[in-house]
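Working notes for the structure below.
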Amino acid sequence: MSDTFNLTVEERGSYAIIRTEGYVNNLGGEKIGEAADQLIEKGVRKLIINFEKSNVVNSIGISILIEVIEKIVDVDGRICFCFLTKTIAKTFNIMGLTQYAEICETENDAIASMA
C-alpha cells in the first residue's frame, strides 16, 4: 500500500472542507490534524472531511481523527465526514466517532448539514 497522501483545504466562510487523497495512516492523519489545527486557529468551527479519494484509514489515522474531533468539540464546533466506504463508516461507528461527528453520503449533503 502506498504511503502517498495529499490533501486540499477549501475555506468557505463559516466552514471548511478538507479533501483527502490516499491512505490515512500516521502521515495522512498528521496532515489532516495539522490542517484542522490551522483552521481552528483561524476561527473555523465547522469542518467537513471528504474521504472520496481515501479507501483506507488505519488505527493511527483514526486516533488522530479522534483528536481532531476533540478539538472541534472543545470549541463548540461541528465535524462531518463524507464519502466513507462502508468499511470505514462501520469502523468509525464501532470506534464511537459517530457520537461526535456526523456522517454524510456526499459533500453536498455535508454542506447542507453545516448550513
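Coordinate-derived values only; no laboratory data. This is a predicted model, so every value here is computed, not measured. Counting neighbours? That spans all protein chains shown, and the Cβs are built from the backbone with ideal geometry, glycine included.
Computed values, structure above
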{"item": "Residues VAL24, VAL75, sorted so that the one with the fewest Cβ neighbours within 10 Å comes first", "result": "VAL75, VAL24"}
{"item": "Relative contact order of region 24-115, defined on C-alpha pairs under 8 angstrom at six or more residues apart (%)", "result": "32"}
{"item": "Cleavage-rule hits, chymotrypsin sites (Phe, Trp or Tyr not before Pro), region 57-115, DSSP coil, Cβ neighbours within 10 Å at most 14", "result": "TYR100"}
{"item": "Options GLY28, VAL75, GLY43, ranked by Cα towards positive dipole end of region 5-114, top entry (Cβ charges)", "result": "GLY28"}
{"item": "Antiparallel bridge percentage (DSSP; both residues within the chain; nearest 5)", "result": "35"}
{"item": "Lys/Arg +1, Asp/Glu -1 at C-beta; the chain dipole; positive extreme among THR85, VAL56, TYR15", "result": "THR85"}
{"item": "Pairs of lysines in the chain (C-alpha under 18 Å apart; 8 or more residues apart or interchain)", "result": "8"}
{"item": "Calculated log₁₀ intensity ratio I(q)/I(0) where the Debye formula runs over C-alpha points of region 9-97, q = 0.11, 0.18 Å⁻¹", "result": "-0.26, -0.71"}
{"item": "Cα-based helix-to-principal-axis angle, 59-74 vs the chain, degrees rounded to 10", "result": "10"}
{"item": "222 nm mean residue ellipticity, helices alone, for the chain (DSSP H n ≥ 4; -39,500 (n - 2.57); rounded to 500)", "result": "-13500 deg cm²/dmol"}
{"item": "Label-point gap, in nm, between LYS53 and THR91 - each point 7 angstrom along Cα→Cβ", "result": "2.0"}
{"item": "Cβ-placed point charges (K, R +1; D, E -1), dipole of the chain about Cα centre in debye, nearest 20", "result": "200"}
{"item": "Mean-position separation - Cα centroids, region 81-102 and region 42-70, in angstrom", "result": "10"}
